[in-house]
Amino acid sequence: MTDDQLIWRIAGGSGDGIDSTSRNFAKALMRSGLDVFTHRHYPSRIRGGHTYVEVRAAEGEVRSRGDGYNVLLALGDSFARNPQEEAYYGNEELKPLYENFDDLHEGGIIVYDSGLIDEEQVEEVGLHEKAEENDWHVYPVDLRAIAKEHGREVMRNNAGIGVLSTLLDFDTAYYEEIISGVFDEEIAEANHDVIADGAAKAEEFDEHPDFSMPTADEPEETQALVSGSDAIAYGALDAGCRFIAGYPMTPWTDVFTIMSQTLPKFGGISEQVEDEIAAASLAIGASHTGVKAMSGSSGGGFALMSEPLGLAEMTETPLVLIEAMRAGPSTGMPTKPEQADLEHVLYTSQGDSARVVMAPGNHRECYEQIRTAFEVAYDYQIPTVLIYDQKLQGELRNIDASFFDRDPDPDPGSVLDEAAIEEAAEYHAEKFKRFRYDGEEGVSPRTVPGQKGGRFLATGNEHNEAGHISEDPTDRTLQMDRRLGKFEHIREELDAEGNQTHYGPDEAEYGVMTWGSQQDTVFEAVDRLDEAGHSVKALGVSDMMPYPVAEVSEFLESVEECVVVEMNATGQFRGLTQKETGRFGPKLSSLLKYDGNPFEPAEVVEGFESSVNGEELGETNMKYVPAAGD
């Protein structure tokens, strides 16, 4: 086992403090100077059920989930519904131990809570045999007893941190500092004692593993540990968003919660309503009055927004929506990542779509592109959708805090003030021509309620320039052409933003394309492939509509073959690429995964090498779909 990086997995039941402990541990590693990245796995239950979080840390940049892990802290599930082996779902009390065997590296470390998992149970799952086969270092410690001695059983996770600090030769000062900042003095002191007792207990073991924590100098800049949800919410606030309406639904709930907690500090308003139809409709109403507004949901909730989304398109009301994908159809797997809502988001609502869709590839892009989404929505009077998934929603990584140091953008977009309304000769008619045929770049400037001379009709029916319902064929054609004509100008603006991310050597022979949350995993795989002697470059695409046809075409023209990596069963992004470019079918193959787990870099490497060598994938949950004609 190498010591150039730590990939630590803490496993237990939902309610055992897995998320908070891993977050605090990641912060401690970040403050010590290491780059960190977390991956979260949890069941769709309020309490109980096997859950884990991985924390990957190294001295250099860490961009994605690693391949497996090297240290396991197995707490067991203290909320197990049925701890019996013959139970339908197996012995849930033991799952945090035995369900993590397959991914643990050779020479890895296991610390488990012997206060919950006894020796007889350990024998049942064959831990000792597997440890001997894989050279694992196993340390049973009664973490529950240590925690109870100082107060509450829930502190046993910190007893585990204490054990690992000794085994890994890790100074817990950073972690204890974070604990002091989270709890009041009495509870913090009890947790410090638990950590110390855990560290002392580990000293009693005769053998310690030949492994130590990676180390680094303290960072020069202040670091922020953020999730994709944090980045989206902070970007929306900085873009001037001051209204949000929504209904909770995993994994969209994180953005909604952060915005709801933060908006009042900026004079904004948050509304939790009865359903997603009402949520999107309220956001449209707020935007109609001149406020920058957003809403969002996941899967089935976003499906309910189809009707108001069409209303925003027809009335040309600016609106930003969030769609946080999860595995479907229907309820599917609510807490697992998948990228299978792309076509749903692109083509839902009625008639010919008139919306912009962007899919950020990492946390920085979440922040940048939600700001772009507001700018485009309010300049071009068009709904803009940001699409992401549970992986990007919940994973944490450190970013220089200065990255978020931007000026807020209160610009309401293409809104006329009263002086402009009065000065413009074409507005002197009795009715304000809200939907002029000759709007510059397809945009006819709007007014907001209460402005003198700016009153107009807004209807979901087709309409003439003043907003009156019209079924005149010429009027229908002019209005539709004007609305869709915005895309040419939006494409030019997005090209200037540079939303697509190129990676690897310019003159590479092979290409890998991806979109959304798999981007940085693919980039790490490209590094490994190039180091292994392959000639590979990658393109992460964020603009789904309007599609960056010219940029993608240039990339595909420059390579012999290209593997498209995405988390769905039907190759939706590959299909979109072929539809929009009208070619490249013989060059494009797919590497797909839809088992509820995101790709690891090694899986992308394996899939690429299998495709290039014309070999079958081994035993895996990935699926390779060859290029058309192969």
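The values are calculated or read from the model by the stated rules, or taken from the named source; none is laboratory data. Remember, it's a predicted structure, so these values are computed and weren't measured experimentally. Here the Cβ is made from the backbone with ideal geometry for all residues, glycine too, and neighbour counts use every protein chain on show.
Structure above, values below:
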read-out	value
Complete set of residues in segment 575-605 that are closer than 28 Å to residue 68 by Cα, among the charged types (D, E, K, R) and touching a helix residue (DSSP H, G or I) at 6+ places or on another chain (Cβ under 9 Å)	593, 600, 603
Output for segment 174-186, where each listed residue is aliphatic (A, V, I, L, M), surrounded by fewer than 21 Cβ atoms within 10 Å (Cβ to Cβ) and modelled with pLDDT of 95 or more	178
Any hit, segment 106-118, residues being under 24 Å from residue 206 (Cβ atoms), within 34 Å of the chain's Cα centre (by Cα) and among the charged types (D, E, K, R)	yes
Positions within segment 464-501 being free of Cβ contacts under 8 Å to residues at least 40 places away in the same chain and surrounded by 14 or more Cβ atoms within 10 Å (Cβ to Cβ), in sequence order	464, 465, 466, 467, 468, 470, 475, 476
Count - residues of segment 499-513 that are in contact with a Ser or Thr (Cβ under 8 Å, 6 or more places away or on another chain), at pLDDT 95 or above and either within 14 Å of residue 360 (Cα to Cα) or among the aliphatic types (A, V, I, L, M) (or both)	4
In segment 514-559, the residues that are under 17 Å from the mean Cα position of the chain (by Cα) and either among the polar types (S, T, N, Q) or modelled with pLDDT under 95 (or both)	514, 517, 518, 519, 521, 542
Scope segment 385-408; condition aliphatic (A, V, I, L, M) and surrounded by fewer than 16 Cβ atoms within 10 Å (Cβ to Cβ); matching residues	401
Unique residue being buried (at least 22 other Cβ atoms within 10 Å of the Cβ) and either of a type in the set (Gly, Ala, Ser) or more than 29 Å from the chain's Cα centre (by Cα) (or both) when the list is 90, 33, 66, 48	66
Per-region count, segment 451-506, residues more than 36 Å from the chain's Cα centre (by Cα) and of a type in the set (Val, Ile, Thr)	3
Lone unmet requirement of (1) over 30 Å from residue 219 (Cα atoms); (2) modelled with pLDDT under 95; (3) under 27 Å from the mean Cα position of the chain (by Cα) for residue 408	(1)
Residue that is farthest from the chain's Cα centre (by Cα), among those in segment 580-630 that are in a helix (DSSP H, G or I) and of a type in the set (A, V, I, L, M)	612
Output for segment 42-54, where each listed residue is in contact with a strand residue (DSSP E or B) (Cβ under 6 Å, 6 or more places away or on another chain) and either under 19 Å from residue 363 (Cβ atoms) or basic (Lys, Arg) (or both)	53, 54
Tabulated pairs, segment 436-450, first modelled with pLDDT of 90 or more, second assigned to a strand (DSSP E or B) and of a type in the set (Val, Ile, Thr), C-beta under 9 angstrom, 6+ apart or interchain	445/415; 446/415; 447/415; 448/415
Single residue of 583, 574 found to be over 30 Å from residue 332 (Cα atoms) and charged (D, E, K, R)	583
Odd one out for residue 414, checked against (1) surrounded by fewer than 19 Cβ atoms within 10 Å (Cβ to Cβ); (2) among the hydroxyl-bearing types (Ser, Thr, Tyr); (3) modelled with pLDDT of 95 or more	(3)
Evaluation of residue 212 against (1) outside the structural domain of residue 394 (by TED's automatic domain parsing); (2) at pLDDT 95 or above (one fails), failing number	(2)
Test: residue in segment 339-357 that is within 25 Å of residue 566 (Cα to Cα), touching a strand residue (DSSP E or B) at 6+ places or on another chain (Cβ under 8 Å) and either assigned by TED's automatic domain parsing to the domain that holds residue 478 or among the basic types (Lys, Arg) (or both)	yes
